[in-house]
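The values are calculated or read from the model by the stated rules, or taken from the named source; none is laboratory data. Quantities reported herein were computed from a predicted structural model and do not represent experimental measurements. Ideal geometry is used to build each Cβ from the backbone, glycine not excepted, and the neighbour counts take in all protein chains shown. Note: areas computed on protein heavy atoms with side chains; ligands, DNA, RNA excluded. Shrake-Rupley method; radii C 1.70, N 1.55, O 1.52, S 1.80 Å.
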Amino acid sequence: GLKRPEITPTYSAMQEVVTGQVPVMFSASSELEIRRAISLQKEKGFKLVLTGMEDYENVIDEIKASGAGVLVKLEIPDDKAIKAQKEDASDEVKVLNARVKEAYESALAQASKLEAAGIPFAFSTVGVKSGDIMKALQKMISNGLSEKAALAALTTNPAAILGLSNVAGSIAKGKMANLILSTDSLFSEDSQIKH
(Lines give C-alpha, C1' and ligand atoms only; values in the text may rest on other atoms or scores of the structure.)
Protein backbone atom coordinates (compact mmCIF):
# COMPACT_ATOMS: atom_id res chain seq x y z
CA GLY A 1 0.00 0.00 0.00
CA LEU A 2 3.03 2.35 -0.15
CA LYS A 3 3.62 4.69 -3.05
CA ARG A 4 6.92 4.61 -4.81
CA PRO A 5 9.13 7.64 -4.12
CA GLU A 6 8.68 10.31 -6.73
CA ILE A 7 11.52 10.45 -9.24
CA THR A 8 12.57 14.01 -9.98
CA PRO A 9 15.39 15.35 -12.16
CA THR A 10 17.06 16.77 -9.02
CA TYR A 11 17.10 13.41 -7.22
CA SER A 12 18.29 11.67 -10.38
CA ALA A 13 21.13 14.15 -10.83
CA MET A 14 22.30 13.64 -7.23
CA GLN A 15 22.40 9.84 -7.53
CA GLU A 16 25.92 9.86 -9.02
CA VAL A 17 27.11 12.15 -6.19
CA VAL A 18 25.63 9.91 -3.48
CA THR A 19 27.19 6.78 -5.00
CA GLY A 20 30.61 8.46 -5.26
CA GLN A 21 30.79 8.49 -9.05
CA VAL A 22 30.84 12.30 -9.30
CA PRO A 23 32.92 14.36 -6.86
CA VAL A 24 31.64 17.38 -4.94
CA MET A 25 33.87 20.44 -5.10
CA PHE A 26 34.12 22.75 -2.12
CA SER A 27 35.86 26.11 -2.28
CA ALA A 28 37.42 26.25 1.18
CA SER A 29 40.02 28.94 1.75
CA SER A 30 40.31 28.83 5.54
CA GLU A 31 41.16 26.06 7.96
CA LEU A 32 37.62 26.20 9.39
CA GLU A 33 36.00 25.82 5.95
CA ILE A 34 38.28 22.88 5.13
CA ARG A 35 37.35 21.16 8.41
CA ARG A 36 33.64 21.75 7.71
CA ALA A 37 33.90 20.27 4.19
CA ILE A 38 35.74 17.20 5.50
CA SER A 39 33.18 16.77 8.29
CA LEU A 40 30.33 16.92 5.78
CA GLN A 41 32.14 14.41 3.56
CA LYS A 42 32.48 12.00 6.50
CA GLU A 43 28.80 12.42 7.34
CA LYS A 44 27.45 12.04 3.78
CA GLY A 45 30.11 9.80 2.19
CA PHE A 46 30.65 11.67 -1.08
CA LYS A 47 33.91 12.08 -2.98
CA LEU A 48 35.42 15.45 -1.96
CA VAL A 49 37.56 17.84 -4.00
CA LEU A 50 38.88 20.96 -2.25
CA THR A 51 39.60 24.16 -4.16
CA GLY A 52 40.65 27.70 -3.29
CA MET A 53 42.75 26.60 -0.32
CA GLU A 54 44.94 29.27 1.26
CA ASP A 55 45.29 28.51 4.97
CA TYR A 56 45.61 24.72 5.19
CA GLU A 57 48.94 23.84 6.81
CA ASN A 58 47.35 22.96 10.18
CA VAL A 59 44.85 20.58 8.53
CA ILE A 60 47.10 18.87 6.00
CA ASP A 61 46.88 15.56 7.92
CA GLU A 62 43.08 15.76 7.98
CA ILE A 63 43.00 16.43 4.23
CA LYS A 64 45.18 13.38 3.61
CA ALA A 65 43.12 11.17 5.93
CA SER A 66 39.89 12.23 4.18
CA GLY A 67 41.16 11.07 0.79
CA ALA A 68 40.07 14.38 -0.72
CA GLY A 69 41.61 15.59 -3.93
CA VAL A 70 42.82 19.17 -4.22
CA LEU A 71 42.72 21.64 -7.09
CA VAL A 72 45.55 24.19 -6.99
CA LYS A 73 45.08 27.34 -9.05
CA LEU A 74 47.96 27.57 -11.50
CA GLU A 75 48.66 31.17 -10.66
CA ILE A 76 51.41 32.78 -8.67
CA PRO A 77 50.83 35.90 -6.62
CA ASP A 78 52.15 39.24 -7.74
CA ASP A 79 55.64 39.92 -6.36
CA LYS A 80 55.70 43.69 -6.99
CA ALA A 81 55.31 44.42 -3.27
CA ILE A 82 58.32 42.23 -2.48
CA LYS A 83 60.50 43.83 -5.16
CA ALA A 84 59.52 47.30 -3.91
CA GLN A 85 60.69 46.64 -0.34
CA LYS A 86 63.45 48.97 0.85
CA GLU A 87 66.27 48.25 3.27
CA ASP A 88 65.95 51.59 5.08
CA ALA A 89 62.28 51.04 6.02
CA SER A 90 61.05 51.47 9.59
CA ASP A 91 60.78 48.43 11.87
CA GLU A 92 56.99 48.48 11.55
CA VAL A 93 57.21 48.41 7.75
CA LYS A 94 59.84 45.65 7.88
CA VAL A 95 57.46 43.49 9.93
CA LEU A 96 54.68 44.04 7.37
CA ASN A 97 57.11 43.31 4.52
CA ALA A 98 58.15 40.07 6.21
CA ARG A 99 54.49 38.98 6.43
CA VAL A 100 53.98 39.77 2.73
CA LYS A 101 57.09 37.80 1.78
CA GLU A 102 56.03 34.85 3.95
CA ALA A 103 52.58 34.75 2.31
CA TYR A 104 54.19 34.93 -1.14
CA GLU A 105 56.60 32.08 -0.42
CA SER A 106 53.83 30.00 1.14
CA ALA A 107 51.70 30.37 -2.01
CA LEU A 108 54.63 29.27 -4.19
CA ALA A 109 55.30 26.23 -2.01
CA GLN A 110 51.66 25.07 -1.74
CA ALA A 111 51.94 22.38 -4.41
CA SER A 112 55.25 21.04 -3.04
CA LYS A 113 53.71 20.75 0.46
CA LEU A 114 50.82 18.74 -0.95
CA GLU A 115 53.30 16.53 -2.85
CA ALA A 116 55.37 15.97 0.31
CA ALA A 117 52.23 15.01 2.25
CA GLY A 118 51.15 12.55 -0.46
CA ILE A 119 47.88 14.38 -1.17
CA PRO A 120 46.64 14.00 -4.76
CA PHE A 121 46.33 17.39 -6.41
CA ALA A 122 45.69 18.77 -9.86
CA PHE A 123 46.17 22.19 -11.37
CA SER A 124 43.26 24.44 -12.25
CA THR A 125 43.57 27.15 -14.89
CA VAL A 126 40.24 28.82 -14.18
CA GLY A 127 40.78 32.57 -14.41
CA VAL A 128 44.46 32.20 -15.28
CA LYS A 129 45.98 33.90 -18.33
CA SER A 130 47.34 31.27 -20.71
CA GLY A 131 50.65 33.14 -21.01
CA ASP A 132 51.21 32.82 -17.24
CA ILE A 133 50.78 29.05 -16.97
CA MET A 134 54.35 27.98 -17.80
CA LYS A 135 55.81 30.76 -15.63
CA ALA A 136 53.72 29.57 -12.70
CA LEU A 137 54.76 25.94 -13.23
CA GLN A 138 58.43 26.86 -13.44
CA LYS A 139 58.17 29.02 -10.30
CA MET A 140 56.46 26.21 -8.37
CA ILE A 141 59.14 23.74 -9.50
CA SER A 142 61.89 26.13 -8.40
CA ASN A 143 60.15 26.27 -5.00
CA GLY A 144 60.24 22.53 -4.30
CA LEU A 145 57.69 20.85 -6.59
CA SER A 146 59.15 17.93 -8.53
CA GLU A 147 58.74 17.80 -12.31
CA LYS A 148 57.19 14.34 -11.93
CA ALA A 149 54.49 15.69 -9.58
CA ALA A 150 53.92 18.72 -11.84
CA LEU A 151 53.36 16.43 -14.85
CA ALA A 152 51.01 14.20 -12.83
CA ALA A 153 49.07 17.31 -11.71
CA LEU A 154 48.50 18.12 -15.38
CA THR A 155 47.60 14.59 -16.55
CA THR A 156 46.86 11.56 -14.39
CA ASN A 157 45.83 13.35 -11.18
CA PRO A 158 43.04 15.49 -12.68
CA ALA A 159 41.61 12.44 -14.42
CA ALA A 160 41.65 10.44 -11.17
CA ILE A 161 40.26 13.28 -9.04
CA LEU A 162 37.40 13.89 -11.48
CA GLY A 163 36.70 10.17 -11.94
CA LEU A 164 37.75 10.13 -15.61
CA SER A 165 40.76 7.78 -15.47
CA ASN A 166 38.99 5.25 -17.67
CA VAL A 167 38.88 7.71 -20.60
CA ALA A 168 41.64 10.29 -19.96
CA GLY A 169 44.81 11.12 -18.04
CA SER A 170 47.25 8.63 -19.54
CA ILE A 171 48.18 7.27 -22.94
CA ALA A 172 46.43 3.96 -23.52
CA LYS A 173 44.33 2.27 -26.17
CA GLY A 174 40.75 3.56 -26.16
CA LYS A 175 41.50 6.76 -24.20
CA MET A 176 41.38 10.35 -25.37
CA ALA A 177 44.86 11.66 -25.98
CA ASN A 178 46.49 15.06 -26.22
CA LEU A 179 50.19 14.77 -26.99
CA ILE A 180 52.89 17.44 -26.88
CA LEU A 181 56.29 17.17 -28.54
CA SER A 182 58.89 19.58 -27.19
CA THR A 183 62.61 20.18 -27.62
CA ASP A 184 63.37 19.52 -23.93
CA SER A 185 61.57 18.81 -20.67
CA LEU A 186 58.17 20.51 -20.79
CA PHE A 187 59.14 22.59 -17.75
CA SER A 188 62.54 23.72 -18.97
CA GLU A 189 62.73 27.47 -19.53
CA ASP A 190 64.33 27.01 -22.98
CA SER A 191 61.94 24.25 -24.07
CA GLN A 192 59.93 24.86 -27.20
CA ILE A 193 56.72 23.05 -28.05
CA LYS A 194 57.04 21.83 -31.65
CA HIS A 195 53.82 19.84 -32.03
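In this view, the solvent-accessible surface of Ile171, computed with a 1.4 Å probe and all protein chains in place, comes to about 140 Å². For the chain, the per residue solvent-accessible surface stands at 67 Å², with DNA, RNA and ligands left out and a 1.4 Å probe.
The order of Tyr56, Tyr11 by accessible area, most exposed first and with a 1.4 Å probe, is Tyr11, Tyr56. Each Lys and Arg Cβ is given +1 and each Asp and Glu Cβ -1; about its Cα centre, the range 2-76 then shows a dipole of about 520 debye.
Ligands, DNA and RNA left out, the 1.4 Å accessible surface of the chain is 54% carbon and sulfur atoms. Along the charge dipole of the chain, which of Ile60, Met140, Val24 sits closest to the positive end, that is, farthest toward it, with unit charges on the beta carbon of Lys, Arg, Asp and Glu (+1, +1, -1, -1)? Value computed over the given set: Val24.
In a fully extended conformation the segment linking Asp55 and Ser106 would gain 17.4 nm over its present Cα-Cα distance, using 0.36 nm per residue. DSSP beta bridges fully contained in the chain are about 10 percent antiparallel. Look at the dipole of the chain built from charges on Cβ: of Leu181, Ala98, Leu162, the Cα furthest out on the positive end belongs to Leu162.
Which entries of Lys47/Lys129; Lys73/Lys135; Lys73/Lys139; Lys47/Lys113; Lys86/Lys139 have Cα-Cα distances beyond 20 Å here? From Lys47/Lys129; Lys73/Lys135; Lys73/Lys139; Lys47/Lys113; Lys86/Lys139, over 20 Å: Lys47/Lys129; Lys47/Lys113; Lys86/Lys139. For the chain, a simple Cβ point-charge model (Lys and Arg +1, Asp and Glu -1, everything else neutral) yields a dipole of about 940 debye relative to the Cα centre. Pairs of Cα atoms nearer than 8 Å and 6+ residues apart set the relative contact order; for the chain it is 16 percent. The spacing between the range 127-166 and the range 175-189, judged by their C-alpha centroids, is 12 Å. Given a 1.4 Å probe and the protein chains as shown, Asp91 ends up with an accessible area of around 120 Å².
Show that you can apply the helix-only estimate: for the chain, add -39,500 (n - 2.57) for every DSSP H stretch of four or more residues, divide by all residues, and state [θ] at 222 nm to the nearest 500. Helix contribution divided over all residues of the chain: -12500 deg cm²/dmol. As a length-normalised measure over Cα pairs under 8 Å and 6 or more apart, the relative contact order of the range 81-195 settles at 18 percent. Charge dipole (Cα centre; +1 on Lys/Arg Cβ, -1 on Asp/Glu Cβ; no other charges) of the range 91-195 amounts to roughly 380 debye. The amide H of Val70, built 1.01 Å from its N in the peptide plane, has Leu50, Phe121, Ala122 as neighbours under 5 Å, considering only residues 5 or more places off or on other chains. Val24 sits among other residues whose Cβ lies under 9 Å from its own Cβ, and their net charge, with Lys and Arg +1 and Asp and Glu -1, is +2. With respect to the chain, whose longest principal axis is taken over its alpha-carbon atoms, helix 31-44 is tilted by about 20°. Model label sites at Val126 and Glu92, defined 7 Å from Cα along the beta-carbon direction, differ in position by 4.0 nm. Placing dummy labels 7 Å off each Cα toward the beta-carbon, the span from Val24 to Ile133 is 3.1 nm.
Rolled with a 1.4 Å probe across the full set of protein chains, the surface gives Met14 an accessible area near 100 Å².
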